[in-house]
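Have a look at the structure below, then the notes.
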Amino acid sequence: MRKLTYYIACTIDGFIGDPKGDATSLYKFVDAPYLEYMNGAYPETIPAQGREALGIDAANKRFDTVVQGLGSYQLALDIGVTSPYGHMRELVATRSLTESPDPNVELIADDLVGRIRELKAEDSPLDIWLCGGSQIAGELIEEIDELIIKTYPQVYGSGMPMFGAGFEPRDFELGEVRTFDNGVLVRTYTRKR
C-alpha cells in the first residue's frame, strides 16, 4: 500500500503561511547546500518552471502523484501555469473549480478521503505527496502516513497552521533529521498506528 506523505515547509511555530497563506518570507533560507540536498532527495517536488531553470531532469524518486488544495494550486494559476507538476499525476481538491484547466489535473469536489484511499491502494512503487494546504491536510489527517517537515528558522506568531483540524492528539515517530547551516531542519515522522 502506498503512503500519503505531507511534505511541507513551515516556521518554527508551525505555520505554513501568513494569515493569507503567503510564505515567501521563508525563501531567504534557501541557500545552495540546502537546495542541493532537496533537489537531490525530492526532485519531483520542484515545480516544472523551477526544474527547468535549475536544469533538473531527474526521475521521480519518492512521489508519482501530488494532491493539493485550490489555495496551493491557485499560486500556479495566478502566473498562468495550469500544470505545475506535469511530471506527476496532479489532483486538486476544490469545489470552486468545476472544470479542470489542464488535462493532467484531476479535480476532486467530493469524497476526498475516498479518492485518497483509492490512490493509496494502487500498485505503484512511489508514494503520494500531499502538497498543501492547511484545510485539506486537516481533512486528510487520518490518512497521512508520513510527515516530512522542512522547518525554517522564523516565527510568524499567527497565520495558516500546518493542519486546519480540531484538537485531537495523534502520534508520530521521529525518523531522520537533517540540519543545515542556514538553520533549516528537515524532519521525517512516521505515523504510529
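The values are calculated or read from the model by the stated rules, or taken from the named source; none is laboratory data. The structure presented is a predicted model; accordingly, all values stated were derived computationally and were not measured. Quick reminder, even Gly has a Cβ in these numbers, built from the backbone with ideal geometry, and neighbours come from all protein chains shown.
Structural remarks
- Just one of the listed residues (184, 155, 177) is at pLDDT 95 or above, crowded, with 16+ Cβ neighbours inside 10 Å and under 23 Å from residue 23 (Cβ atoms), and it is 184.
- Hey, residue 148 in contact with a strand residue (DSSP E or B) (Cβ under 7 Å, 6 or more places away or on another chain), aliphatic (A, V, I, L, M) and surrounded by 14 or more Cβ atoms within 10 Å (Cβ to Cβ) or not: yes
- Pairs with Cβ under 7 Å, 6+ apart, first in the range 54-67 and of a type in the set (Asp, Glu), second crowded, with 17+ Cβ neighbours inside 10 Å: 64/88; 64/89; 64/126
- Residue check, residue 85 part of a loop (DSSP other than H, G, I, E, B) and under 17 Å from the mean Cα position of the chain (by Cα): yes
- Considering residues of the range 6-28 that are assigned to a loop (DSSP other than H, G, I, E, B) and within 14 Å of the chain's Cα centre (by Cα) only, the residue modelled with the lowest pLDDT: 21
- Considering residues of the range 88-100 that are out of contact with any helix residue (DSSP H, G or I) (no Cβ under 7 Å at 6 or more places or on another chain) and part of a loop (DSSP other than H, G, I, E, B) only, the residue surrounded by the most Cβ atoms within 10 Å (Cβ to Cβ): 100
- Tally, over the range 163-174, of residues that are surrounded by 14 or more Cβ atoms within 10 Å (Cβ to Cβ) and either more than 25 Å from residue 27 (Cα to Cα) or modelled with pLDDT of 95 or more (or both): 3
- Residue in the range 129-139 that is in a loop (DSSP other than H, G, I, E, B), touching a Ser or Thr at 6+ places or on another chain (Cβ under 9 Å), at pLDDT below 95 and surrounded by 14 or more Cβ atoms within 10 Å (Cβ to Cβ) present: yes
- Test: residue in the range 119-127 that is closer than 19 Å to residue 1 by Cα, touching a residue at least 24 places away in the same chain (Cβ under 8 Å), in a helix (DSSP H, G or I) and basic (Lys, Arg): yes
- Selection from the range 140-168 of residues that are outside any loop (DSSP other than H, G, I, E, B) and within 16 Å of residue 192 (Cα to Cα): 141, 142, 143, 146, 147, 148
- Leading residue by the ranking (nearest to the chain's Cα centre (by Cα)) among those in the range 57-69 that are in a loop (DSSP other than H, G, I, E, B) and surrounded by 15 or more Cβ atoms within 10 Å (Cβ to Cβ): 62
- Restricting the range 29-73 to residues that are farther than 30 Å from residue 95 by Cβ and of a type in the set (Val, Ile, Thr), the residue that is modelled with the highest pLDDT: 30
- Residue within the range 35-43 that is hydroxyl-bearing (Ser, Thr, Tyr), surrounded by 14 or more Cβ atoms within 10 Å (Cβ to Cβ) and within 23 Å of residue 191 (Cα to Cα) present: yes
- From the list 83, 72, the one residue that fits, being surrounded by 13 or more Cβ atoms within 10 Å (Cβ to Cβ), touching a strand residue (DSSP E or B) at 6+ places or on another chain (Cβ under 7 Å), over 14 Å from residue 6 (Cα atoms) and small (Gly, Ala, Ser), is 83.
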